[in-house]
Amino acid sequence: MPIVGGLDIHRKQLTFDYLDTVTGEVRRGQIAPADRVHLRAWLARFAGRDDAAFAVEGCTGWRYVAEELAAAGIAAHLGEPADTAAARGRKRHAKTDKTDSRHLRTLLAEGRLPECWVPPAQILEYRALLETYHDLRREHTAWVQRIHAVFFHQGAPALGEGTLRTEQGLAALRAAAAAHLSPGGQLQAATALDMLAAIEARMEVLRTQLADAARHLTGAKVLAARLYGVGPLTALALTCWLAGEGRFSSSRKAVRFTGLDITVWSSDRKGPPGRLSRQGPPVLRWAVYEAGKTHARASAPDHGYYATVKDRKNSKRAALSEARKIVRQACHILTELGDDALTAA
């Protein structure tokens, strides 16, 4: 790599630092504003060269930077944010954009960059859809909780568990709001119901898209067929984040990537031990946890283990244990499939 460099990504500018290993010349500067057009124009200086490589950190914005680098014929290397920061060592000077870009360039030049997998464009699109669906699910839960909070705050009778799931329940809710809530409370409840209707309509469209994608992706199709409790959405999430040739050397690392492993005590941390790390994609963590909860059914193949953990601890611990098992099993299956997991079924 005669030209090796680093790009530090920010919303307003991209800071670059690259070295021409033939002449020993180092160039530094900024690309502003940070968008495709200006980055593409800056990359024009490397036109016709196939010996350049740049490292970027896997933070928000890396996708368009990596795509533009690839389009310009430049090798893009994606650095894992936490490990890249750890490779800096003990901080001795103020951290700036210039030092960040130089740090990335140095790690890449020395072959020490902790690299992330750069998935195909279609997998990135599926990830975006899954993240949107997850956001809508969270918003849906928040609006339901707001309705319950308004009723409790104004001393109205408590709503039933499934009140919002049927037309009869919704009619009863509106009647209860008219009878027990103030005009402001009624407006709050009506607004929440309107928002829920809009969210549910959008979720239904997304759910259909995701289910169709899962049926046409080899890895997702195989996982849904072989793993109990893993439906189309969970299978698609597992494939989008865990598939790929040589992604993980062990299933334990896949569990760690998902954020379901238990933290341990460390002298340089203030947080209490014994909690989930919660690192990695929240969508994947949510999906496999929901899949783990299905083993509460008596017909589940691993119900005995689930019941044992539930009796010894609680149902949440049991679902988490099953979720870890699902991730390990999915990792083994996807490793067997290799890159074929990302092909059309």
Hits among aspartates and glutamates - C-alpha to C-alpha of Lys293 under 16 Å, sequence gap 8 or more where chains match | Asp302, Asp311, Glu322
How large is log10 I(q)/I(0) at q = 0.12, 0.13 Å⁻¹ when the Debye formula is applied to the Cα atoms of the chain, each weighted equally and without solvent?
-> -1.04, -1.13
How high is the relative contact order of the chain, in percent, counting Cα pairs under 8 Å that sit 6 or more residues apart?
-> 13
Tilt relative to the chain, helix 62-71 - C-alpha long axis, 0 to 90 degrees, to 10 = 40
Roughly how many percent of the accessible protein surface of the chain is carbon and sulfur, given a 1.4 Å probe and a whole-percent answer?
-> 52
At 222 nm, what helix-only mean residue ellipticity would the chain give, in deg cm²/dmol to the nearest 500, using -39500 (n - 2.57) for each DSSP H run of four or more?
-> -18000 deg cm²/dmol
Based on Cβ point charges of +1 for Lys and Arg and -1 for Asp and Glu, what charge dipole magnitude is obtained for region 158-282 about its Cα centre, in debye rounded to the nearest 20?
-> 640
Heads up, region 283-345 by the C-alpha gyration tensor (a ≥ b ≥ c square roots of eigenvalues; a/c under 1.5 rounded, else a/b over b/c prolate, else oblate) looks prolate
Counting sequence-distant residues (5 or more places) and residues on other chains, those with an amide H built under 5 Å from that of Ile31 are Leu14, Thr15, Phe16
Point-charge dipole on Cβ atoms (K/R +1, D/E -1) for region 1-97, about Cα centre, debye to 20 = 440
Which value, in debye to the nearest 20, describes the size of the charge dipole of the chain about its Cα centre when Lys and Arg Cβ atoms bear +1, Asp and Glu Cβ atoms bear -1, and nothing else is charged?
-> 1280
So what are the three principal axis dimensions of region 1-157 from its Cα atoms, in whole Å, longest to shortest?
-> 78, 39, 27
Could you work out the Rg to Rh ratio of region 1-90, with Rh taken as the Kirkwood radius (inverse of the mean 1/r over all Cα pairs)?
-> 0.95
Can you pick out the pairs among Lys95/Lys316; Lys221/Lys316; Lys12/Lys221; Lys253/Lys310 whose Cα atoms lie more than 30 Å from each other?
-> Lys95/Lys316; Lys12/Lys221
Check Leu217: other-chain or 5+ apart residues with amide H under 5 Å from its amide H, H built from backbone geometry?
-> Ala345
Residues of type aspartates and glutamates that Lys98 reaches as a straight line, Cα spacing below 20 Å, ignoring anything fewer than 8 places off in the same chain = Asp8, Asp17, Asp20, Glu25, Asp35, Glu57, Glu80, Asp83, Glu110
With the Cα gyration tensor of region 126-276 giving a ≥ b ≥ c as the square roots of its eigenvalues, does the rule (a/c under 1.5 for rounded; else a/b larger than b/c for prolate; else oblate) give rounded, prolate or oblate?
-> oblate
Give the percent of DSSP beta bridges with both residues in the chain that are antiparallel, rounded to the nearest 5.
-> 65
Loop-only check: which trypsin sites (Lys or Arg not before Pro) in region 105-170 are DSSP coil with at most 15 other Cβ within 10 angstrom?
-> Arg112
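The values are calculated or read from the model by the stated rules, or taken from the named source; none is laboratory data. Please read all numbers here as calculations on a predicted model, not as lab measurements. Note that we place each Cβ from the backbone using ideal geometry, even for glycine, and neighbour counts take in every protein chain shown. For accessibility, only protein heavy atoms count, side chains too; no ligands or nucleic acids. Shrake-Rupley method; radii C 1.70, N 1.55, O 1.52, S 1.80 Å.
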